[in-house]
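The values are calculated or read from the model by the stated rules, or taken from the named source; none is laboratory data. Given the structure is predicted, the values throughout are model-derived calculations rather than measurements. For neighbour counting, all protein chains shown are included, and Cβ atoms are generated from backbone atoms with ideal geometry for every residue, glycine included.
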Amino acid sequence: MKASDLFVKALENEGVEYIFGIPGEENLDLLDSLRGSKIKFILTRHEQAAAFMAATYGRLTGRAGVCLATLGPGATNLVTAIAYAQLGAMPMVVITGQKPIKAGLQGKFQILDIIRMMEPLVKDSDQIVYGRQIPSLVRGAFRIAEEERPGAVHLELPEDIAREEVEDERVFPRQTIHRVFASDRAIEKAVNVIKAAKRPLLLVGAGANRKRIRKPLSDFVNKTGIMFFNTQMGKGVLSGDDSHFIGTAAFSSKDYVHEAIKKADLIINVGHDIIEKPPFIMKGDEQKVIHVNFHSAQIKDIYYPQVEVVGNISNSMDRINEALNECYACNRDWIKPIREKTRNAIHSLDNDTSFPMVPQRVVADVRKVVDEDGIVSLDNGMFKLWFARHYHTHQPNTLLLDNALATMGAGLPSAIACALMYPERQVVAVCGDGGFMMNSQELETAVRLKLNLITIIFNDSGYGMIKWKQKGQELPDFALDFNNPDFVMYAKSYGATGHRIASSEELVPTMKKAFADGGVHVIDLPIDYSQNTKTLLDDLKQFNN
């Protein structure tokens, strides 16, 4: 068997469904081996987009997504999206090609040390130096990528190794990894601290979202009555319509929800990931923190929990809930006025009729149209804060945002992966005009794949979030404005359908018609970002004074 055939056999053994990428001449043997495989190769228009798609597959399934690029520039084009997966805890296996390593006839043409380049970005990086290594290295790559904390792993397959003949065709079977459980002593200590608290809050973080622990957490809040909030990447684990929900910590501090956080004497922090901006800053022993996670806490000057429950999160929450006897119930009177104030402030402009549209109205309209299991994939920009703060999610991983690397350019490729994986569900990419243009060429990929997908472009002809920060620091408006193409014609040039919104009443019917018609749609939406300063700076300053 040719080594590249064994490589594909090992990938099939891992249950790989898709490989996203752009091959080069160094990948041709592997590409030929894929030709007869049940694995679908998804050709993209940029390597970065391919890795964003693979990372999103990993994020949604918990199984490593796979992307492919050639040597040199192909590999370097992957770097941003690899960092996106690594910081965001998205399991992914990256495959790159290389010139022959046994006899090179082209000097240093296109050759970089990709192994060393990848090492700071991934959990592990290996070059395959003989064919029989393939089964163990592939099995190891997927295992390392998928185990806690998930992330990216890199394998380099040189073209002469891919052509080798391998006699032993065996591959290593996948194994079920049983997570360790927290100790009885840790559970007991957590329960005692909860019982002693007068103003407890539950915080749902990113680590809870990727492990689907909805039922244990739901059982916990329903039994105890403890109110909860979530981080940006913890949205969707519990429903935003739950009566126990107070809001999303979209900022590090000084938002409405932080009034409750500051007054809480206990925060039960489930699935905390230090990579996210901190949703609260500890205030010494006056506020206790219980850390419930698969791994122990990373101690920082703003985060040093007094109690740690380390082990399978689902099991830990079940046992904590069971140990809290039926007579336990927390007092929620202290938090009800804060929740009411937060909700009123956040939804005050849901029906605003001004045009260009304000972000609050856009978020409310998108929520009206998208089904509970529909997926909204956010790029990075000012709109991300508005969606994080205002968009109520009902199911896990239905609002995909990046609060780790926070890179632009991921929104459309991530949405393409979602539409490919879940053709029966509604999928919307929400992008700023800046971020959209970074990977807008992937519209061709979406059209070629005959996907059903809507992309909404927040059009303000500038880098809106940086302009907001610039204004907040009382600096002159400088160097952040640009011109855009005609997005309707641009969409049409790729074979997609373009729409331009001309009044606040048009967005909902335009989205509904786009979903009904199917295919790839681009909506050019003029946006009024003056609310950025008023609502997120001036109003909050007044609230906190």
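Summary table
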| read-out | value |
| --- | --- |
| Residue under evaluation residue 38, criteria (1) surrounded by fewer than 22 Cβ atoms within 10 Å (Cβ to Cβ); (2) in a helix (DSSP H, G or I), criterion not met | (2) |
| Close pairs (9 angstrom Cβ cut-off, 6 or more residues apart or separate chains): closer than 14 Å to residue 207 by Cα in region 292-306, assigned to a loop (DSSP other than H, G, I, E, B) and among the aromatic types (Phe, Trp, Tyr) anywhere | 297/304 |
| Residue 168 vs. criteria out of contact with any Phe, Trp or Tyr (no Cβ under 8 Å at 6 or more places or on another chain) and under 20 Å from residue 13 (Cβ atoms) | yes |
| Of residues in region 288-326 being in a strand (DSSP E or B) and at pLDDT below 90, the one nearest to residue 261 (Cα to Cα) | 303 |
| When residues of region 71-89 are limited to those that are more than 16 Å from the chain's Cα centre (by Cα) and buried (at least 24 other Cβ atoms within 10 Å of the Cβ), the one farthest from residue 111 (Cα to Cα) | 78 |
| Failed item in (1) closer than 19 Å to residue 166 by Cβ; (2) surrounded by fewer than 24 Cβ atoms within 10 Å (Cβ to Cβ); (3) in contact with a strand residue (DSSP E or B) (Cβ under 6 Å, 6 or more places away or on another chain), with residue 98 passing the rest | (2) |
| Whichever residue in region 377-391 is within 21 Å of residue 273 (Cα to Cα) and not polar (S, T, N, Q) and, among such residues, is surrounded by the most Cβ atoms within 10 Å (Cβ to Cβ) | 379 |
| Neighbours by Cβ (under 6 Å, 6+ apart or cross-chain): first from region 173-188, touching a residue at least 60 places away in the same chain (Cβ under 8 Å); second among the polar types (S, T, N, Q) | 179/312; 181/312; 181/315; 182/316 |
| Any hit, region 482-494, residues being in contact with a helix residue (DSSP H, G or I) (Cβ under 8 Å, 6 or more places away or on another chain), more than 21 Å from residue 49 (Cβ to Cβ) and among the polar types (S, T, N, Q) | no |
| Residues of region 16-30 classified as of a type in the set (Val, Ile, Thr) and more than 17 Å from residue 154 (Cα to Cα), total | 0 |
| Exclusive hit being under 21 Å from residue 139 (Cα atoms), of a type in the set (Asp, Glu) and in contact (Cβ under 8 Å) with a residue 60 or more places away in the chain, set 29, 5 | 29 |
| Selected residue [touching a residue at least 60 places away in the same chain (Cβ under 8 Å), outside the structural domain of residue 58 (by TED's automatic domain parsing) and outside any helix (DSSP H, G or I)] from 217, 201 | 201 |
| Qualifying residue in region 228-236 (condition: without any contact (Cβ under 8 Å) to a residue 40 or more places away in the chain, closer than 16 Å to residue 315 by Cβ and part of a helix (DSSP H, G or I)) | no |
| Looking only at region 220-235, and only at residues there that are surrounded by 24 or more Cβ atoms within 10 Å (Cβ to Cβ) and under 15 Å from residue 209 (Cβ atoms), the one that is nearest to the chain's Cα centre (by Cα) | 233 |
| Test: residue in region 416-429 that is crowded, with 21+ Cβ neighbours inside 10 Å, out of contact with any Pro (no Cβ under 9 Å at 6 or more places or on another chain), of a type in the set (Gly, Ala, Ser) and modelled with pLDDT under 95 | no |
| Cβ pairs under 9 Å, 6+ apart, first in region 394-413 and in the same structural domain as residue 441 (by TED's automatic domain parsing) and part of a helix (DSSP H, G or I), second surrounded by fewer than 22 Cβ atoms within 10 Å (Cβ to Cβ) and of a type in the set (Ser, Thr, Tyr) | none |
| Single match in 246, 267 (criterion: out of contact with any Pro (no Cβ under 7 Å at 6 or more places or on another chain), over 28 Å from residue 150 (Cβ atoms), modelled with pLDDT of 90 or more and not in a helix (DSSP H, G or I)) | 246 |
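This table checks each residue for (1) out of contact with any His (no Cβ under 8 Å at 6 or more places or on another chain); (2) within 18 Å of residue 174 (Cβ to Cβ); (3) in a helix (DSSP H, G or I).
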{"residue": "4", "(1), (2), (3)": "yes, no, yes"}
{"residue": "7", "(1), (2), (3)": "yes, yes, yes"}
{"residue": "23", "(1), (2), (3)": "yes, no, no"}
{"residue": "28", "(1), (2), (3)": "yes, no, yes"}
{"residue": "52", "(1), (2), (3)": "yes, no, yes"}
{"residue": "68", "(1), (2), (3)": "yes, no, no"}
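Table: residues versus (1) at pLDDT below 95; (2) surrounded by fewer than 14 Cβ atoms within 10 Å (Cβ to Cβ).
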| site | (1), (2) |
| --- | --- |
| 134 | no, no |
| 142 | no, no |
| 149 | yes, no |
| 158 | no, no |
| 177 | yes, yes |
